[in-house]
Amino acid sequence: MKKTFQFVRLELLQLFRERTFSGLMVLLLILMAISAWNSSNHIAEKEEQNNIQQNLVEDADKQLIAQIDSLNQGLASYEDSYTLPTSGIRLTYNNHRIATLPMKPFSLIAIGQSDLYSNYKKIVLYYNDSYDMDTKELESPIEQLFGQLDLAFVWVYLMPLIILLASFNILSIERETGRLPLIASQPIKIWRWLALKLGIRFLTIIFLLALFTFPLLAIFQVSVWEHWATFGKLLLILMLYNGFWFLLSFLVNLLGYTSGKNLIILTSIWVLFVFLVPSTVNQIGKKLHPIPSRLEIINNHQEKYNEVEKNFDMELKALYNTHKDWYSDDPATKDMSNSTGWNINYLAKQYMAQLKHSPTAQAYENKVDSKNSWFGKRRTLSPAMVVNEALTEMAGTSTKYYRSYLRQATEYASAYRQYVFKGIFTNHAFTAAEIKNLPKFHFNTKRVGNTFLNNTYTLAIYIITLLAIGIVLIKRKKLLNIR
């Protein structure tokens with residue numbers, strides 16, 4: 001045991017004297033700092049956009065409430081019903097709602113798909129894209145390489161390269177310099193010596209990674225202490241992922257090849273797991289789950305709108321049979337020459353067309369979900385895909401997270417219309433209290449689901465598999481070319 005501790009101490013001293021290792025650690029720190037700064041700017045921009053939109057809604061509501069109060073007190077008068085503050089027309093065009101997706105505490109670690117998705121949806125009463133799910137998502141981790149630099153990119157794609165550069169020639173360099181027979185003469189088996197050297201490097205990198213990450217997150221205002229469990233999960237995922245690459249380097253070193261060949265083999269495996277597997281899965285997914293053009297969806301909605309317009313009287317009668325509380329005998333609701341009647345007519349057409357269009361729109365969304373589900377199940381084919389999924393899930397920027405948000409925003413838009421349309425169709429005079437109590441959007445994170453345990457198990461299986469291969473190689477001592 002004493003000899004082991006002495007070996008560890010000497011190895012640590014030698015490790016930190018290596019300029020290559022020190023340089024790689026400095027490079028890692030610089031990359032992490034730049035990526036964290038970039039992510040912080042991205043998050044600040046997102047939060048600013050959310051605040052601007054939220055303030056617009058609040059200011060418009062305050063103005064409307066003030067106008068209603070002035071009208072009730074006889075301090076103001078309105079000649080046109082279009083501008084009357086108690087009219088539902090104001091809610092249709094001037095006072096929209098907002099569905100905001102809040103940023104998670106660890107959003108800094110992965111920009112993910114937030115560079116494509118907006119974190120707010122403008123909800124209006126007439127039909128527009130606010131009711132549709134925007135499906136322009138990144139389709140594979142390989143495509144995220146062309147996104148913005150973030151910590152996830154450094155950890156998933158660049159960190160393995162740093163590990164491989166720090167460990168690819170640990171055994172081969174000893175053979176090439178003629179020191180291996182001297183090491184073999186020591187009272188320690190070669191594979192144990194190699195495992196100790198790589199283990200020390202692994203623990204050192206993990207320690208430095210945690211040492212870099214904690215203050216970096218704190219500097220960019222991530223509440224690490226308040227969310228220590230999430231930070232622990234982050235370190236566990238990174239430890240398993242880095243352990244995979246160190247074990248891979250251990251196995252390749254056991255094969256007894258030259259340093260150059262070791263590097264070629266390890267970088268080829270890196271390319272396989274980081275680029276080729278995700279790209280292949282993406283291409284196969286496109287073939288197995290083709291998604292129709294969005295142009296077809298748009299055209300379908302226009303066709304449904306034309307059908308409603310052509311048979312409007314019959315469609316309107318059917319609508320009132322479904323929503324009997326929407327019907328009113330008020331002449332203003334039937335007079336197309338005034339703004340109230342025209343607005344009701346327009347909203348009714350939009351609403352009925354959307355109802356007829358919804359099966360086609362839902363079928364489209366189901367195909368997108370099926371494709372995403374298929375791809376999600378195949379992420380286990382690459383540890384890089386597994387870790388990328390785990391990091392974006394912690395950050396709240398994964399495809400699944402945004403799809404859930406868009407789905408909930410769509411449901412909120414439908415519920416909001418149902419709530420307000422009754423007042424609009426019956427020419428109800430909205431009060432200040434009703435404006436204050438209009439439905440608000442609340443994102444339910446529990447509906448997203450959590451795959452942390454599955455991702456952890458998958459990485460553990462990769463590591464166990466490499467350990468089993470290592471045991472086989474160790475038993476076949478001829479591969480070491482050492483007697």
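Some points to look at:
- Evaluation of Asn262 against the conditions (1) surrounded by 14 or more Cβ atoms within 10 Å (Cβ to Cβ); (2) within 24 Å of the chain's Cα centre (by Cα); (3) touching a residue at least 40 places away in the same chain (Cβ under 8 Å) shows that the sole unmet condition is (2).
- Some residue of the range 278-288 being in contact with a helix residue (DSSP H, G or I) (Cβ under 9 Å, 6 or more places away or on another chain), part of a helix (DSSP H, G or I) and under 26 Å from Ser167 (Cα atoms): yes
- Residue match in the range 313-330 (condition: over 30 Å from Leu91 (Cβ atoms) and either among the β-branched types (Val, Ile, Thr) or not in a helix (DSSP H, G or I) (or both)): no
- Scanning the range 429-455 for residues that are acidic (Asp, Glu) and either loosely packed, with under 13 Cβ neighbours inside 10 Å or farther than 30 Å from Ile89 by Cβ (or both) turns up nothing.
Listed here are the residues, each with its yes/no results for (1) at pLDDT 90 or above; (2) farther than 22 Å from Tyr157 by Cα; (3) in contact with a strand residue (DSSP E or B) (Cβ under 9 Å, 6 or more places away or on another chain).
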site	(1), (2), (3)
Lys377	no, no, no
Val387	yes, no, no
Ile435	yes, yes, no
Lys446	no, yes, no
Thr451	no, no, no
Thr456	yes, no, no
Thr465	yes, no, no
Ile482	no, yes, no
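- Matching residues, the range 101-117, being hydroxyl-bearing (Ser, Thr, Tyr) and either in contact with a Cys (Cβ under 8 Å, 6 or more places away or on another chain) or assigned to a loop (DSSP other than H, G, I, E, B) (or both): Tyr117
- Every pair of residues 6+ apart whose Cβ atoms lie under 6 Å, when the first sits in the range 348-374 and is within 27 Å of Val448 (Cβ to Cβ) while the second is assigned to a helix (DSSP H, G or I) and among the β-branched types (Val, Ile, Thr): Tyr364/Ile297; Asn372/Thr399
- Helices (runs of 4 or more DSSP H) contained in the range 390-483 and holding at least 1 residues closer than 22 Å to Ala361 by Cβ and not charged (D, E, K, R): 399-425
- Pairs with Cβ under 6 Å, 6+ apart, first in the range 1-23 and charged (D, E, K, R), second at pLDDT 75 or above: Glu11/Ile200
The values are calculated or read from the model by the stated rules, or taken from the named source; none is laboratory data. Model, not experiment: these values are computed from the prediction. Neighbour counts are summed over all protein chains in view; Cβ atoms, including those assigned to glycine, are modelled from backbone coordinates with ideal geometry.
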